[in-house]
Amino acid sequence: MIAEDQCSSDTNWKDHVISFSDFYKIDLPNPLALLGELKLWEVYWVKFKNELPSNITETLKAINFPGFENIKIRLKLLATLPLTSCECERTFSSLRRLKDYKRSTMVEDRLNGLALMNIHKELPNDVEKVINKFAINNRWLCFK
């Protein structure tokens, strides 16, 4: 019973990749080579000697040679697609707090920099460095 479930799940992942690829077919460098790439992809990971990657970024770094071009594009697409809309909503909430009627003359670069600082609060040391540099050196520091 377990072997049957594993076989069905092995073929199922290819079906999912193919359906995802059909949706983004225009973004692929060579959509006709997809099935061949998937077969080579499976063999590549079976024979892979190092520790298997645990996320998309590590997977892209593990295939650092010219090959699997369609799969690389798919992985990049998956890495950039948001899983939920909460991050987008958080961004708009941050912008609403930052740019109110009192600060309507703020230039776009400065607003973008402040919004990024507000959204990415998990790096408090970097934020402190930026604030200190802003306070000491230049009133119009560019946050890029």
Original post:
Residue check, VAL107 against (1) closer than 25 Å to ASN12 by Cβ; (2) modelled with pLDDT under 85; (3) among the hydrophobic types (A, V, I, L, M, F, W, C), all met but one. Which one?
Top reply: (1)
Original post:
Under the condition of being over 20 Å from TYR24 (Cβ atoms) and open to solvent by 100 Å² or more (accessible area, probe 1.4 Å), which residue from segment 55-81 is modelled with the highest pLDDT?
Top reply: LYS61
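Anything in segment 34-68 that is farther than 16 Å from ILE18 by Cβ, of a type outside the set (A, V, I, L, M, F, W, C) and in a helix (DSSP H, G or I)? List them, or say none.
Keep residues of segment 34-68 that are farther than 16 Å from ILE18 by Cβ, which gives 43-67.
With of a type outside the set (A, V, I, L, M, F, W, C) added as a condition, the list becomes 44, 47, 49-51, 53-55, 57-59, 61, 64, 66-67.
Correct list: TYR44, THR57, GLU58, THR59, LYS61.
Restricting to segment 82-101, and then to whatever is open to solvent by 70 Å² or more (accessible area, probe 1.4 Å) and part of a loop (DSSP other than H, G, I, E, B), can you tell me which residue is nearest to ASN112 (Cα to Cα)?
Only one residue tops the list, namely LYS99.
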Subject >> Those residues of segment 54-76 which are touching a residue at least 12 places away in the same chain (Cβ under 8 Å) and out of contact with any Asp or Glu (no Cβ under 7 Å at 6 or more places or on another chain), in sequence order >> reply: ILE56, THR57, THR59, LEU60, ALA62, ILE63, GLY67, GLU69, LYS72, ARG74, LEU75, LYS76
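The values are calculated or read from the model by the stated rules, or taken from the named source; none is laboratory data. For clarity, every value in this text was computed on a predicted model and none was experimentally measured. When we count neighbours, we look across all protein chains shown, and the Cβ atoms used for this are built from the backbone with ideal geometry, even at glycine. Surface areas here come from the heavy atoms of the whole protein model, side chains and all, with no ligands, DNA or RNA. Shrake-Rupley method; radii C 1.70, N 1.55, O 1.52, S 1.80 Å.
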